Amino acid sequence: MPVLGSRGGASISGFGGLANLGFFPKNSLRFRSSSSAYLNRTFGSPTSNNKWTWSGWVKRGALGTNSALFGSHKSSQWVVQCYFTSSDYLRFYASSSGNSTYIDYQTSQPFRDPAAWYHIMFAMDTTQATASNRFKLYVNGV
């Protein structure tokens, strides 16, 4: 159930789980892992590499497997990666181009309800002086 994935450059992919509703909401995406579907975009010159936000609604399709939400990489090295782990926790990982990790965060709460919709928001601001202010994660507003 890739939600956001990466294949060369920064990129975006979609989410699954709407089939049980009997309809697909407008402007939504559903990807089955069996089809190897993904979205991809190579971005131009960024206005800021230091501040960004990602937000999306996610419904888990398969439990007990690594499931990517989004990621970006440069020269086959991950720079940012967010995914549900095979233990069903949400993990955010970011490293610099020198391959040193500057954020490696995993939630203490597992996400094991395949019927639930989760609103997930990541906010990154590496210009903040206090480490705890550089990265924020909200799930369903908490």
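The values are calculated or read from the model by the stated rules, or taken from the named source; none is laboratory data. Just so it is clear, the model here is predicted, and its values are computed rather than measured. Reconstructed Cβ throughout: ideal geometry from the backbone, glycine too, with neighbour counts over all protein chains shown.
Summary of computed values
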{"item": "Positions within region 116-142 being in contact (Cβ under 8 Å) with a residue 24 or more places away in the chain and either among the hydroxyl-bearing types (Ser, Thr, Tyr) or touching a helix residue (DSSP H, G or I) at 6+ places or on another chain (Cβ under 9 Å) (or both), in sequence order", "result": "Tyr118, Asp125, Thr126, Thr127"}
{"item": "Residues of region 71-114 classified as at pLDDT 85 or above and under 15 Å from the mean Cα position of the chain (by Cα), total", "result": "17"}
